[in-house]
1. Just checking, how many residues over the stretch 91-123 are hydrophobic (A, V, I, L, M, F, W, C) and under 17 Å from Asn36 (Cβ atoms)?
2. Here is a check on your reading of the model: is Met1 over 30 Å from Val239 (Cα atoms), modelled with pLDDT under 95 and over 24 Å from the mean Cα position of the chain (by Cα)?
3. Which of the residues spanning the stretch 222-238 are farther than 12 Å from Ala183 by Cα, touching a residue at least 40 places away in the same chain (Cβ under 8 Å) and part of a helix (DSSP H, G or I)?
4. So for the stretch 52-75 (the condition being at pLDDT 85 or above, within 29 Å of the chain's Cα centre (by Cα) and either farther than 30 Å from Phe190 by Cβ or exposed (fewer than 15 other Cβ atoms within 10 Å of the Cβ) (or both)), does at least one residue qualify?
5. List the pairs whose first member sits in the stretch 18-43 and is closer than 30 Å to Leu124 by Cα, whose second member is basic (Lys, Arg), and whose Cβ atoms are under 8 Å apart, counting only residues at least 6 apart or on separate chains?
6. So in the stretch 236-263, with the set limited to residues that are modelled with pLDDT of 80 or more and under 23 Å from the mean Cα position of the chain (by Cα), which one is surrounded by the fewest Cβ atoms within 10 Å (Cβ to Cβ)?
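The values are calculated or read from the model by the stated rules, or taken from the named source; none is laboratory data. Just so we're clear, the structure is a prediction, and the values are computed from it rather than from any experiment. Note that each Cβ is placed from the backbone with ideal geometry, even for glycine, and that neighbours are counted across all protein chains shown.
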Amino acid sequence: MRKFYCLMISLLLAMSATVQAERIKDIASVAGVRSNQLIGYGLVVGLDGTGDQTTQSPFTVQSFNSMLKQFGITVPEGARMQMKNIAAVMVQAELPAFAKPGQTIDITVSSISNAKSLRGGSLLMTPLKGLDGKVYAVAQGNLIVGGLSASGNDGSKITVNIPSAGRVPGGAMVERIVETNFAGGQPIVFNLHRADFTTANQLAKSINAMLGPDVARPLDAVSIMVNSPVNPAQRVDFVSMLENIEVTPGEEVAKVIINSRTGTIVVGKNVRVSPVAVTHGSLTVSIAESLNVTQPNALAGGQTVVVPSSNIKAEEKTNPMFKFSPGANLDDIVRSVNNVGASPSDLMAILEALKESGALKAELVVI
C-alpha cells in the first residue's frame, strides 16, 4: 500500500515541474485532414470445421448462394447445405487522410454469427463502404488470428484470447480518393485536441512570433485560423514549418479522476483543499452464537432444554484526525492520507466527502 502512495507522490513531483513546450503537431490537427471509417460484409472460407452452424445462421447460406450465382452456379432449392468451413464476417478499416488508389490499408475481420474460430481462414473479396454508401476500398486476404480454441469429446473446452476475430495487414486496396479542402486556398485552421482558451491563445502567439503579427488568430477554445499560401506546394511546406513550432500549453483544469471499478485514483496538479479536518475509521460488529444445555433436577419433573446464547461485540478502529492547511496541494493530500494508512477505497470516500463539503477545489469525475 505504501508503494501505491509513493507512486502517487512521484507523479506529483513530475507534474509539479514547469510545463514543457510541445509541438503544434502533438496538440492540434489541421481541420479537414482526417481519417474515415469503412465497413463491409463478407465471407471467410477455408476454416477447419470451425465456421458457422448454418442451421442457426441462414444469412451465411444466403450469402454463399448469392456468391455462387455470380459464377453461374445455381444451388437447387431445398438443398441441405452444411458449410462448417465458412463464416459470415464484418470487415472494418480506417482510411487515412490523402490515401490514394492503389495504396493498401490494414483491416480487422470479426465473426457475426457462431463461428468458433477464424484461424486459417481467408477473406473473400469484400467491398468496404463509407458513410455515404460509396465503395472506397476492396478487402481480401489471409487472416492472422491471435486466439485459439479447442474442445474435447467430453465437453471440455479451452479458449485463449479471441479466436473469432483477426487482422489482415495491408488487406484492403484503396479504390477511391476522399476529397479534402486542403488545397482549396482557404486559410488553414488548427483544431486543438483538448479545448482550452489559454492554449489556443498561446498557439496563435507562437505562430505570430515567428511569422509576424496577425498571421494567426484564435477563433475559440479549439480553433486557430492561420493565413496561408494559395499554392498547394507552398501550403505543404508552410504546414510542415508550423506543426514543428513549440507551444507552452495552458495548465489543465483541476480534476480528480476516480475509477470505482479498479480503485484507480488520479489527482491533478492544481487540485487544492480548503482548511478542513478529516478522520476516517471503520466499525466492526461481530456476533457469536452458542448453545447451552440446561439440565433441571430430576425430582422436580423438569425437562432438558437447549438455550441459545448470543455474544455481540462491537469494535471500532480509531484513526488519527488530520488537518489540511489553507491551500493544501496534492503533495499534502497524499502524505496526510498515507499517514493514517488509508487504502485506495478509503481515499475515494475521503475525496467524495471533501467535495461534498466544498473543501475540495477541483472537479470530481467518477468513471
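1. Filtering the stretch 91-123 for residues hydrophobic (A, V, I, L, M, F, W, C) gives 91, 93, 95, 97-99, 105, 107, 109, 112, 115, 118, 123.
Keeping just the survivors that are under 17 Å from Asn36 (Cβ atoms) gives 91, 93, 95, 97-99, 105, 107.
Of the residues in that region, 8 qualify.
2. Details: over 30 Å from Val239 (Cα atoms): yes; modelled with pLDDT under 95: yes; over 24 Å from the mean Cα position of the chain (by Cα): yes.
Against the criterion (over 30 Å from Val239 (Cα atoms), modelled with pLDDT under 95 and over 24 Å from the mean Cα position of the chain (by Cα)), Met1 qualifies.
3. As a first pass, look at the stretch 222-238 and keep what is farther than 12 Å from Ala183 by Cα: 222-227, 237-238.
Retained after the next criterion (residues that are touching a residue at least 40 places away in the same chain (Cβ under 8 Å)): 223-224, 227, 238.
If the condition is that a residue be farther than 12 Å from Ala183 by Cα, touching a residue at least 40 places away in the same chain (Cβ under 8 Å) and part of a helix (DSSP H, G or I), then Phe238 is the only one that fits.
4. no
5. Every condition considered, the pairs that remain are Leu38/Lys129; Ile39/Lys129; Gly40/Lys129.
6. Taking the stretch 236-263 first, the residues modelled with pLDDT of 80 or more are 236-259.
Within this subset, residues satisfying the condition of being under 23 Å from the mean Cα position of the chain (by Cα) are 252-259.
On the way: Glu252: 14, Val253: 11, Ala254: 16, Lys255: 15, Val256: 23, Ile257: 14, Ile258: 20, Asn259: 14.
Among them, the one singled out is Val253.
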